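Notes for the one structure printed next.
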Amino acid sequence: MAVREQIKEEIKSRIKEPRQYQVLIYNDDFTPMDFVVEVLIEVFDKEEAAAVSMMLDVHRGNYAVAGIYPRDIAATKAAQAVQWARSEGYPLKVEAVPEG
């Protein structure tokens, strides 16, 4: 029995959490601030106050982190935001990059 428990512990210790990815949303001179807030609310599930604050961070700086997710979710959310922006005619840049 002790050997089985030791093997289970070794297997558990080898399992790693999936690598996390940051979804970055970048500032540009053409995408309206209201649209960025809407994207943050609808795609990234932010509350309105948090979305406005984050949009202002993007506006004042070069970019902000819209969220941190596993790779597939981060890529999907970034693609949804970009697709929505393009459908509205905006050049909004959103990308998923490895955290850290």
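With all projection directions averaged, the alpha carbon convex hull of the chain covers 8.0 nm². Lysine pairs in the chain whose alpha-carbon atoms fall under 26 angstrom of each other, counting only those eight or more residues apart or on distinct chains, come to 5. Give me the percent of the accessible area of the chain that comes from carbon and sulfur atoms, probe 1.4 Å, all protein chains in place. Result for the chain: 51 percent of the exposed heavy-atom area is carbon or sulfur.
The values are calculated or read from the model by the stated rules, or taken from the named source; none is laboratory data. Since the structure is predicted, the reported quantities are computational estimates derived from the model, not experimental observations. What goes into the accessible areas is simple: the full protein's heavy atoms, side chains included, and nothing from ligands, DNA or RNA. Shrake-Rupley method; radii C 1.70, N 1.55, O 1.52, S 1.80 Å.
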